[in-house]
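Remarks on the structure that follows.
The values are calculated or read from the model by the stated rules, or taken from the named source; none is laboratory data. Owing to the predicted nature of the structure, the values given are computational and were not obtained by experimental measurement. All Cβ positions, glycine included, derive from the backbone under ideal geometry; neighbour counts span all protein chains shown. Surface accessibility is based on the protein's heavy atoms, side chains included, excluding ligands, DNA and RNA. Shrake-Rupley method; radii C 1.70, N 1.55, O 1.52, S 1.80 Å.
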Amino acid sequence: VTSPRGAFISLFVNFLVELTALATTCRFRAAIMMASSYNAKDEDGHITVSGPGGGTLRSKKPENTAFKQQRLPAWQPILTAGTVLPAFFIIGLLFIPIGIGLFVTSNNIKEFEVDYTGIDMSSPCFNCSQNFSWNSTRPCTCTIPFYLDQPYESNVYVYYGLSNFYQNHRRYVKSRDDSQLNGDVNSLMSPSKECEPYAFHENKPIAPCGAIANSMFNDTLELFYNDPNGTRIPIPLNTTGIAWWTDKHVKFGNPGGNPNLTAAFQGTTKPLNWRRPVYELDADPGNNGFINEDFIVWMRTAALPTFRKLYRIINKKSSMVPTLPRGNYTLEVVYNYPVRSFEGRKRVILSTISWMGGKNPFLGIAYITVGSVCFFLGVVLLIVHHKCGNRNNSADISN
């Protein structure tokens, strides 16, 4: 005889079995209905699903293509001693001589640098650096003597260098109006908002506008050769040919095509830190206004806080006489550009160039280092392969 308690348990178990069977039947019917709502698969791999209300929904499944389904043919190299060791030795044998050639070429470039910041009290430019500011009305001049212990035979490039000057700051780089610099008359009178707060001054548009133009380098540098007989011979410095051709003839241009730049820039004002307007940068009409090459060179911003920019070129006149003979020289600087406010430094660099550009030993050192490392790794891997390979072959023969 079954007790009431056992009968209740049996009844409850039967109820759970029936409930499970009913749930399974409902899921099966729902699956059949879902399957019936799918249409045939499109050729492009998409599946359309009939949504509520008779609408058609497009599946998010990727298209059935080799690219989206990752069925493209692939090639995976098998790295063996026969392929890796020759690659290391070839790279080493190629890179080391190339690096030596680049390093020797860089060392053959002659370069001389003169720092004229004027931080030290013994510097000839000390007084100028202490007393000068952007708003000074009278320029300060200092004279720096130096000695070249070897002659410069080919063309000599004169650079000015600045340190701790961050031309790569985002707001500084954007602070310009390229349309205005290209000679657009509307942008000349209505500068871009990117130039703020150097777009207008006293209700007049600034030409050129922006922080880059406002901080243009404006020191004047002159070079003299001190002849042994006591006379000072000025070295001619070419003011043209220092900017990129595309910059001068494509990106920069004076407004309106008017040869009279005073009339072309009428109604504008000079940048706050400039001593004279843009149409008085040079007496040469082909090097004045927005196409002034000193201005164009400065507007090409540098990527690093320590940089140099081309200032002048000393062309070689005769193959019999060096461009700069060995001897004493004098550098006269009209100190217009203050750097004390940002703890910067100023310098002048005299340099020759080669087929690879200016003096830069890094590329040669990098090639020599990579080639040496690859050659060393090749030797090490060859020794390891020779020892371990013979051991594995002996084990295979014994097996």
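Annotations for the structure displayed:
- For LYS61, the lysines whose Cα falls under 25 Å of its own Cα, not counting residues fewer than eight places away in the same chain, are LYS41.
- Spacing of the two label points (7 Å from each Cα toward its C-beta) at TRP75 and ARG171, in nm: 5.3 nm
- For ARG347, distant residues with modelled amide H under 5 Å away: TYR116, GLY161
- Net length gained if the chain between ALA302 and ASN64 were fully extended (0.36 nm per residue, minus Cα distance): 80.8 nm
- Whole-angstrom Cα spans of segment 112-355 along principal axes, big to small: 57, 41, 32
- Across segment 353-390, the residues whose backbone nitrogen lies under 19 Å from the label position 7 Å along the beta-carbon direction of THR246 are 357.
- Candidate aspartates and glutamates for bridging to LYS387, where Cα separation is under 18 Å - those fewer than 8 sequence places away on the same chain excluded: ASP396
- Convex hull volume of segment 178-249 per residue (C-alpha atoms, cubic angstrom): 131 Å³
- The residues of segment 112-355 present an accessible area of 51 Å² per residue when probed at 1.4 Å with all protein chains retained.
- Taking amide H atoms as placed 1.01 Å from N in the peptide plane, the amide H of THR220 lies under 5 Å from those of VAL334, ASN336, each 5 or more residues away in sequence or on another chain.
- With a cut-off of 11 Å on the backbone N, the residues of segment 249-265 near the modelled label site 7 Å out from ASN182 along Cα-Cβ are 250-253.
- A straight chain from SER341 to LYS309 at 0.36 nm per residue would run longer than the Cα-Cα distance by 9.4 nm.
- Between ILE119 and LEU94, the modelled label-to-label distance comes to 4.5 nm, taking each label 7 Å out from Cα in the direction of the beta carbon.
- Solvent-accessible surface ranking, highest first, for MET299, MET121 at 1.4 angstrom: MET121, MET299
- Placing a label point 7 Å from the Cα of TYR147 along the Cα-to-Cβ direction, the residues of segment 290-334 whose backbone N falls under 17 Å from that point are 325-331.
- Within the accessible area of segment 112-355 (1.4 Å probe), percent carbon and sulfur: 51 percent
- Note on segment 259-399: Cα Rg divided by 2.2 N^0.38 Å, N the number of residues, gives 2.02.
- Net charge of neighbours whose Cβ lies under 15 Å from the Cβ of SER354, counting Lys and Arg as +1 and Asp and Glu as -1: +1
- Inter-label distance for VAL373 and PHE217, nm, one decimal - labels placed 7 Å from Cα along Cα-to-Cβ: 3.4 nm
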